[in-house]
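Structure first, commentary second.
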Amino acid sequence: MAAAQVIRAILGAAEQPVETSAKISVVLKGIDIFTLVIMLLFTACYFYQYVFIPIAWFGKRKIPKADKKNRFAILICGRNEECVIANCIDSLLSQKYPDGMIQIFVCADNCTDRTAEVAKEAGAIVYERRNTEQIGKGFALEYLFAQIERDYKDAFDGFIIFDADNIVDPGFVNAMNDMLEAGYIASTCYRNTKNYSGNLVSSTMGLWFLRDSRYLNYPRSVIRSGAAVSGTGFMISKAYLDRIGGWHFNLLIEDIQFTVDASLRGEKIGYCPDAITYDEQPTRFSTSWNQRLRWTRGYLQILHRYGGRLIGKMFRGSFTCFDMFMSLSPVYILCVLGQFAYGIGLILSFFSGSMDYLGVLKDIGIVLGSAYVMFYLIGLFATISEWKRIRSGAGWKILTTFAFPISMFLFVPITLCALFSKPKWKPIHHDSTVKKDDLIK
């Protein structure tokens, strides 16, 4: 009752209830217009990704096979990864690539377990890093690049970066060699999941990365636009790294920072569907939440640092910069704004004593239902097209498509939290015992 009286007092309802009702109606109409504008903006911003779908189905892009074999340094940064790093190194030592042309380097970053010893025993050159001030994969990579430049100067033509939990397809390096010889300064890979059947937390995020590879990066490569580096399994040309003054990408999502920086320089990152890696997705909800919170906060970091320049390049005709800007900012922020507006309308209409709140609830239901169908179709298309590559039973694949929209909805409260929090980089515990022979036949 007290809340209702406060709202009525604000709106002047104590003496003029009819006038207040009219005011509320005006406010609710304004909210309807506001949310309509948001939906139109959403459609305008992301319509091009619907165009990507038939391109992903029917588009063709062939990279010529290279005769020359380049020398590659493979970089792995890991913190307390003794359970999985040996399996990763084993899959890298099984590459179908000339002997002596690959060297594996590991940065054991602030480890308190046997990561360094296990990596050495598996066949890697290991550097141990102790720095509790500069924490994160970006800083660890910067350190590892510096050690390689000091001890192996000009020994390599390219670098390939993995995470310690990865299992790598035997043809990965060969495929990336083709990309380097085709002139790409960097190239990302097809990112599959080794624990897709773990639970719905891991399978829904695994489906997201499958969709990212097939329905975003592949169409980008077909239309000769720039792909986006996605965390792990990407190659960088040594010549390009020298040209930009080395690795200096240390924000919360260093992979997207690298992508945006390359886009602003007018470079286009390639995508190689024949280079396949399998990573381990979190199975704990809390771990997945914290990881996605860091990603979202990282998007905001990059938007703050690079957003103005991206917009400038976008209006000068760069589709790659437009694509990167759309990937960084509007979607979840627009959703948060829409739900915030509906929340205000719901509170006003409920405490005013009118029945308008039923209409607001109906509008919220329509928006959520439409979003669920949209995300379900996105997950369904990715599941159908990647069916044979997904490591789980048919029933689990189908169940994941229904859970996928709910997983995507979580980005709305995560974005809201990211606006008011400062998450730090935290290591993700990996303990999967999956080996290369379990994945690759």
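The values are calculated or read from the model by the stated rules, or taken from the named source; none is laboratory data. Since the model is a prediction, treat every value here as computed from it, not as a measurement. Note that we place each Cβ from the backbone using ideal geometry, even for glycine, and neighbour counts take in every protein chain shown. Areas reflect the complete protein model, heavy atoms only, side chains present, ligands, DNA and RNA absent. Shrake-Rupley method; radii C 1.70, N 1.55, O 1.52, S 1.80 Å.
Starting from residues that are over 27 Å from residue 427 (Cβ atoms) and among the basic types (Lys, Arg), keep the ones in segment 261-305 and report whichever is surrounded by the fewest Cβ atoms within 10 Å (Cβ to Cβ). Please lay out each step first, then the result.
Initially, segment 261-305 is screened for residues over 27 Å from residue 427 (Cβ atoms), giving 263-268, 270-274.
Subsequent filtering for residues that are among the basic types (Lys, Arg) retains 265, 268.
Details: 265: 13, 268: 19.
Looking at the filtered set, the residue picked out is 265.
A search for C-beta distances below 8 Å between a residue of segment 174-188 that is over 16 Å from residue 273 (Cβ atoms) and any residue that is assigned to a helix (DSSP H, G or I), counting only pairs 6+ apart in sequence or on different chains, returns 185/239; 185/240; 185/262.
Every residue in segment 105-153 that is among the hydroxyl-bearing types (Ser, Thr, Tyr) and open to solvent by 20 Å² or more (accessible area, probe 1.4 Å), please. 112, 127, 132, 143, 152, listed by residue number.
Kindly indicate which of 191, 214 is of a type outside the set (A, V, I, L, M, F, W, C), part of a strand (DSSP E or B), open to solvent by 10 Å² or more (accessible area, probe 1.4 Å) and in contact (Cβ under 8 Å) with a residue 60 or more places away in the chain. Give the derivation first.
Numbers: 214 fails: part of a strand (DSSP E or B).
Of 191, 214, the one residue that is of a type outside the set (A, V, I, L, M, F, W, C), part of a strand (DSSP E or B), open to solvent by 10 Å² or more (accessible area, probe 1.4 Å) and in contact (Cβ under 8 Å) with a residue 60 or more places away in the chain is 191.
Annotation note: of 433, 383, the sole residue that is over 27 Å from residue 343 (Cβ atoms) and crowded, with 17+ Cβ neighbours inside 10 Å is 383. With respect to residue 47, is the statement that it is open to solvent by less than 70 Å² (accessible area, probe 1.4 Å) and either under 21 Å from residue 253 (Cβ atoms) or within 28 Å of the chain's Cα centre (by Cα) (or both) true? The answer is no for residue 47.
Pairs linking a residue in segment 117-130 that is touching a residue at least 24 places away in the same chain (Cβ under 8 Å) to a residue that is open to solvent by 90 Å² or more (accessible area, probe 1.4 Å), with Cβ atoms under 9 Å and 6 or more positions apart or on different chains, are 122/93; 123/93.
Every residue in segment 29-44 that is touching a helix residue (DSSP H, G or I) at 6+ places or on another chain (Cβ under 6 Å) and open to solvent by less than 70 Å² (accessible area, probe 1.4 Å), please. Once the filter is applied, which keeps residues that are touching a helix residue (DSSP H, G or I) at 6+ places or on another chain (Cβ under 6 Å) and open to solvent by less than 70 Å² (accessible area, probe 1.4 Å), segment 29-44 yields 31, 35, 38, 42.
Which members of segment 386-413 meet the condition of being outside any helix (DSSP H, G or I), over 22 Å from residue 53 (Cα atoms) and of a type outside the set (A, V, I, L, M, F, W, C)?
Filtering segment 386-413 down to residues outside any helix (DSSP H, G or I) leaves 386, 390-393, 410.
Narrowing further to those that are over 22 Å from residue 53 (Cα atoms): 391-393, 410.
Answer for segment 386-413, where residues must be outside any helix (DSSP H, G or I), over 22 Å from residue 53 (Cα atoms) and of a type outside the set (A, V, I, L, M, F, W, C): 391, 392, 393.
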